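The values are calculated or read from the model by the stated rules, or taken from the named source; none is laboratory data. As the structure is a computational prediction, the values presented were derived from the model and not from experiment. Quick reminder, even Gly has a Cβ in these numbers, built from the backbone with ideal geometry, and neighbours come from all protein chains shown.
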Amino acid sequence: MSQDQNKNSQVFEGMANIGKGMATVMKHFGRKPVTLEYPEVMPDLSTRFHGRLALLTKSDGTDLCIGCKACAKVCPCNDLIQIEMHRDEDKKPVIDQFTIDKGRCIFCGNCTEVCPVDCIKMLPDFELSGYSREELVLDKHDLTLTGEESDEWRQIRGMNPHVE
Ligand code: SF4
Ligand code: SF4
């Protein structure tokens, strides 16, 4: 092949590649964007999204957790969930302490599945970062939803929202 023929074939190859690129651009032209301008626009996540863990309460905002520790036992990350409880004079459980180290959580959802009273659940919230390890340890106050929030969580998922 002469030098001129070689140059011509390179030019044709280049033009063919430009054509392919333009065809790809045209194929996507007019399509709705698949990206979001986060954080101004938040994604519409599934109600089954494995995000932040939370403790649901009864409709009146009192503790739903019975302190059985099934969630802590099933958790594959040792000692990630810490629970301290006692029983009052009527033998009712009182949760003194409930902490979750979200920095070590792998969001497997095991804890949510074993809970006998549907107390520990996940929220569609993925903004979980912090500036220190200590900040990632959530206590009972951080974890607990209000009665109203708990009712809303249950209602959205087709459960009986009112729990006494
Ligand atoms: S989601 Fe999994 S890793 Fe996280 S606390 Fe629950 S059981 Fe443990
Ligand atoms: S499994 Fe449910 S009821 Fe039992 S300690 Fe965990 S959150 Fe409380």
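Okay, here's what the table says:
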| item | result |
| --- | --- |
| Of all residues making up the range 57-97, the number that are surrounded by 14 or more Cβ atoms within 10 Å (Cβ to Cβ) and in contact with an Asp or Glu (Cβ under 7 Å, 6 or more places away or on another chain) | 6 |
| Flag if L56 is in contact with a Leu (Cβ under 8 Å, 6 or more places away or on another chain), within 16 Å of ligand 2 (Cβ to nearest atom) and either hydrophobic (A, V, I, L, M, F, W, C) or outside the structural domain of E135 (by TED's automatic domain parsing) (or both) | yes |
| Checklist (1) surrounded by fewer than 18 Cβ atoms within 10 Å (Cβ to Cβ); (2) over 25 Å from M42 (Cβ atoms) applied to C111, failing item | (1) |
| The lone exception for D79 - which of (1) more than 25 Å from V163 (Cα to Cα); (2) at pLDDT 95 or above; (3) in the same structural domain as E134 (by TED's automatic domain parsing) it fails | (2) |
| Residues of the range 120-164 classified as within 14 Å of G61 (Cα to Cα) and touching a helix residue (DSSP H, G or I) at 6+ places or on another chain (Cβ under 8 Å), total | 4 |
| Search result, residues across the range 82-108 that are of a type in the set (V, I, T), closer than 16 Å to D142 by Cα and either more than 15 Å from ligand 2 (Cβ to nearest atom) or over 19 Å from the mean Cα position of the chain (by Cα) (or both) | I83, I95 |
